[in-house]
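Written out below as structure tokens is the structure these notes cover.
The values are calculated or read from the model by the stated rules, or taken from the named source; none is laboratory data. Bear in mind the structure is a predicted one, so any value in this text is a computation, not a measurement. FYI the Cβ positions are ideal-geometry reconstructions off the backbone, even for glycines, and counts take in every protein chain you see.
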Amino acid sequence: MILLLWLVFVGISLILVVIGLMKSTESAQALIGFFFLFLLAFVVLGNNLEYHTGEITNTSYVYVANSSNLNYTTETTTNVYSTYNDTTGIFNTHRFGYFMAVASAVGLVGVLISLKGLRRREDE
């Protein structure tokens, strides 16, 4: 998955989590947000996070002799992506992926427990 797209999905998930946690009636958004964060953690764990490193442009020219109107130019551009996999730095991808998965799972369980508590209060 491309890094920019991954960041957009993380942003949308965090917005859903904030909406769901701020309003107790909108807990479904928090559940969906934590679930998507949990799924996005597996993208990081599987080393499938890619970022754009450049592009390769191949240009070819074809000149036809004795005619100035039949010159052709062909250009092809290929995007180059590299996989983000930091194993030695502070932002270790596996450590961050595990943290993200555990944090989203704890948040998901916390929302489920709070929903169970709300149901008990409504029954009384």
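Just one of the listed residues (T87, T74, T57, T78) is out of contact with any strand residue (DSSP E or B) (no Cβ under 7 Å at 6 or more places or on another chain) and either modelled with pLDDT of 80 or more or surrounded by fewer than 10 Cβ atoms within 10 Å (Cβ to Cβ) (or both), and it is T87. The requirement of being more than 13 Å from the chain's Cα centre (by Cα) and at pLDDT 75 or above is satisfied by G20. Candidates in region 5-44 are the residues that are in contact (Cβ under 8 Å) with a residue 40 or more places away in the chain and surrounded by fewer than 16 Cβ atoms within 10 Å (Cβ to Cβ); of these, the one that is nearest to V106 (Cα to Cα) is F42.
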